[in-house]
Amino acid sequence: MSLPLRVIQYGLGAMGSVMAKMILEKRDLKLVGAIAHHAEDAGKDVGEFIGLRKKIGVKVSHDPERLFRRVKADVVLHATVSYVPKVWEQIEPAVRAGLSVITIAEEMGYPFYKYPKLCRIMDRAAKKHGVSILGTGINPGFAMDVLPLLLTGICEEVWSIRVTRLINFAPFGAAIQKNIGIGMTPKAFRSGIASGKLPLHLGMPECVHEMADALQWKIDQIRETRRPVIAKRNVRVPGYKSVAKGTVVGFEHRCFGYTRGKVKILLEELGNVDPKLPYSNTVTIDGNPRLLEKMNVPMGNLTTTSHAVNVLPAVARARPGLLSMRDLPVVACLPHKRPRS
């Protein structure tokens, strides 16, 4: 693999724009292309489009297949949709063009149980063209799978795992806010959950399966619960909207992984858009020894994007096929072009 690594940013929304800026700042990365959703954005300079107030000499494209054929690149960094079938529809042309792909689509973190047939198709295509496909981010990709698994490495035995994540969703874009029901009435929220129109946080069953596979546990049942958090006052969400008292300001989403009727893995995502609340990530491992690890969780638009960008060289070097984070070495922060200290 030669450096700098040439990257195409697929998606220039709230997360994709942040990743494009990061790529431009990394010493060993080079942004060589970018794809936007709307046709009217084609031809605009990426630097100006993502708010840098300067041109960088790379134009926004609305024709992915043409861009993949025309531009010499190594990896595509994908940030548009969350569900595996739609992801594959978008990234298949990149794979056929001989480009590895990293996506922050939550279901792609460990899709092998929910989409076994499609995973075999993706894996065969990636191997045929000598490229790698990886889904990652802060969760799945780190907080509720990779981090707990790393901690089990210092245990003699592990009996159960619990991860509780308090997260601020205020920095995320309108699409994510819509997915978690912000501003809805409690009745509309519950109706959305019942109909499947409100997925809340995607990817927790994938995290359960990934950890269970690594620990050689057999999970025979996964159950999820979803409850609304109601605003006790009017809440102003920076850059988004106000949430009225009595409407939904957040959620409590839990995922239980059972073995023979006992909870082996419990994942809790407690999401909120109230910027005044504290946030943290707590991993509890019941084993020998018993471990309790608590860390702060910065804004998701920083951690998800940073992790996806930092993993780019590892994926470029990885074996061909459909991968998970378990297939990669430990990922460290990539150096900046102009270190600040």
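Read-outs throughout are calculated quantities, based only on the coordinates presented, and are distinct from any laboratory measurement. Keep in mind the model is a prediction, meaning the values are calculated, not measured. We place every Cβ from the backbone using ideal geometry, glycine too, and count neighbours over all the protein chains shown.
Taking Cα pairs under 8 Å and at least six residues apart, what relative contact order does the chain come out at, in percent? Display every interim value, and only then the final one.
Values: 733 pairs, mean separation 71.3, N = 341.
Relative CO of the chain lands at 21 percent.
When the range 125-238 is described by a simple charge dipole with +1 on each Lys and Arg Cβ and -1 on each Asp and Glu Cβ, the residue from PRO228, THR152, ILE133 located farthest towards its positive end is PRO228. Taking the fewest neighbouring Cβ atoms within 10 Å as the starting point, the ordered list for CYS333, CYS155, CYS207 is CYS333, CYS155, CYS207.
Charges only on Cβ, +1 for Lys and Arg, -1 for Asp and Glu: so what's the dipole of the chain about the Cα centre, in debye to the nearest 20?
On the way: 50 positive and 29 negative charges, 146 e Å.
Around 700 debye, computed over the chain.
Quick one: of the DSSP bridges fully inside the chain, what percent are antiparallel, nearest 5? Don't skip to the end; give the middle numbers.
Working: 38 of 68 bridges.
Just about 55 percent of them are antiparallel.
Neighbour counts of other Cβ atoms within 10 Å put THR304, THR284, THR136 in the fewest-to-most order THR284, THR304, THR136.
Applying a threshold of 30 Å to the alpha-carbon distances of LYS55/LYS276; LYS21/LYS178; LYS232/LYS294; LYS114/LYS197 flags LYS55/LYS276 as lying beyond it. Counting only other residues whose beta carbon sits under 10 Å from that of LEU52, what net charge do I get with K and R as +1, D and E as -1? Result for the neighbourhood of LEU52: +2.
With n ≥ 4 as the cut-off for DSSP H runs, can you work out [θ] at 222 nm for the chain, using -39500 (n - 2.57) per run divided by the number of residues, rounded to the nearest 500? Please report the intermediate quantities before stating the final value.
Numbers: 11 runs with 101 residues, N = 341.
When only DSSP H runs of four or more count, the value is -8500 deg cm²/dmol.
What trypsin sites (Lys or Arg not before Pro) does the range 7-81 have in DSSP loop regions with at most 10 other beta carbons within 10 Å? Write down the numbers at each step before the final one.
Working: sites: LYS21, LYS26, ARG27, LYS30, LYS44, ARG53, LYS54, LYS55, LYS59, ARG66, ARG69, ARG70, LYS72; in loops: ARG27, LYS44, ARG53, LYS54, LYS55, LYS72.
Those satisfying the criteria are ARG53, LYS54, LYS72.
The range 35-66 and the range 232-286 have Cα centres lying 35 Å from one another.
Given the convex hull of the Cα atoms of the chain, what is a quarter of its surface area in nm²?
18.3 nm²
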